[in-house]
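Below is one structure; the comments refer to it alone.
Every number in this text was worked out from the coordinates using simple rules, so none of it is lab data. What you see is a predicted model; the values in this text were computed from it and never measured. No Cβ is skipped: glycine too gets one built from the backbone with ideal geometry, and neighbour counts run over all protein chains shown.
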């Protein structure tokens with residue numbers, strides 16, 4: 001997995017360097033902007049994976065920058081503030097910040113908060129992705145109702161047939177080995193014969209494909225495994 005890119009927007013050079021050092025030690029790529037306008041110029045070219053920004057910034061303040069950024073992206077934001085008043089923290093969160101820290105703060109705590117926000121967002125994205133209705137050509141897979149439509153007709157699948165199809169359809173063109181399918185669909189049960197995967201693929205083709213002997217969607221990658229071609 002590639003390193004997450006973090007933009008640190010901070011007008012205190014010493015603090016920006018310390019925060020950058022701790023983030024780099026934690027495995028992140030870091031870019032620094034010393035004011036809101038410089039940050040905008042950077043963000044217009046490329047949105048990073050995470051933004052840490054000070055509330056009090058020259059040129060463009062942190063709240064305005066957060067509002068501007070939220071109109072363009074849902075990138076996670078942690079706001080840094082020297083103000084301890086609750087109203088300032090609430091304003092940052094209502095503008096779209098995901099979290100905040102109050103100066104003075106521990107750089108290690110900031111790193112921990114970055115990781116916590118990334119974990120939470122990752123779980124939300126995974127949950128949303130697992131519930132998304134998938135539509136490819138003549139095939140529609142609805143994970144909430146566990147219904148599969150092929151050429152506008154609902155087909156009957158066993159629980160494992162559905163789980164396998166849903167897994168493959170969620171990752172189009174990605175090749176899964178039989179061991180990976182056993183792990184993800186059957187929980188890696190050691191007593192399951194790997195041939196079970198082959199049998200389920202054959203049954204799925206009979207239900208999904210116009211010509212099971214010449215499949216268009218559920219393809220074999222010889223010597224490797226199987227993939228779903230959208």
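With all pairs of different C-alpha atoms in the average, the Kirkwood value for the hydrodynamic radius of segment 135-177 is 10.8 Å. With helices as the sole contributors, the chain gives -14000 deg cm²/dmol at 222 nm; each DSSP H run of n ≥ 4 counts as -39500 (n - 2.57), and the sum is divided by every residue. What is the helix-to-structure angle for 107-131, meaning the angle in degrees between its Cα long axis and the longest Cα principal axis of the chain, kept from 0 to 90 and rounded to the nearest 10? It works out to around 30 degrees. The calculated FRET efficiency for the pair residue 59 and residue 135, based on their C-beta separation and a Förster distance of 35 Å, comes to about 0.15.
The C-alpha atoms of the chain define a longest principal axis, and helix 86-95 lies at about 40 degrees to it. The fraction of Cα-Cα pairs per 5 angstrom bin, counted from 0 for segment 134-228, comes to 2, 13, 27, 27, 19, 9, 2, 0 percent, rounded to whole percents. The alpha-carbon atoms of the chain define a convex hull whose volume equals 171 cubic angstrom per residue. Show log10 I(q)/I(0) for segment 51-106 at q = 0.15, 0.28 Å⁻¹, two decimals, from a solvent-free Debye sum over equal Cα scatterers. One equal scatterer on each Cα of segment 51-106 leads to -0.35, -1.20. Simple spin-label estimate for residue 222 and residue 3 gives 4.2 nm between the two label positions (7 Å along the Cα-to-Cβ direction from each Cα). Roughly how tilted is helix 159-170, in degrees to the nearest 10 and between 0 and 90, from the longest Cα axis of the chain? Relative to the chain, helix 159-170 is tipped by roughly 50 degrees. The separation of segment 3-36 from segment 135-208, counted between C-alpha centres, amounts to 44 Å. Note on residue 121 and residue 87: their simple-model spin labels are 3.0 nm apart, each label 7 Å out from Cα toward Cβ. Converting the Cα gyration tensor eigenvalues of segment 1-122 into ellipsoid dimensions via √(5λ) gives semi-axes, longest first, of 18, 16, 15 Å.
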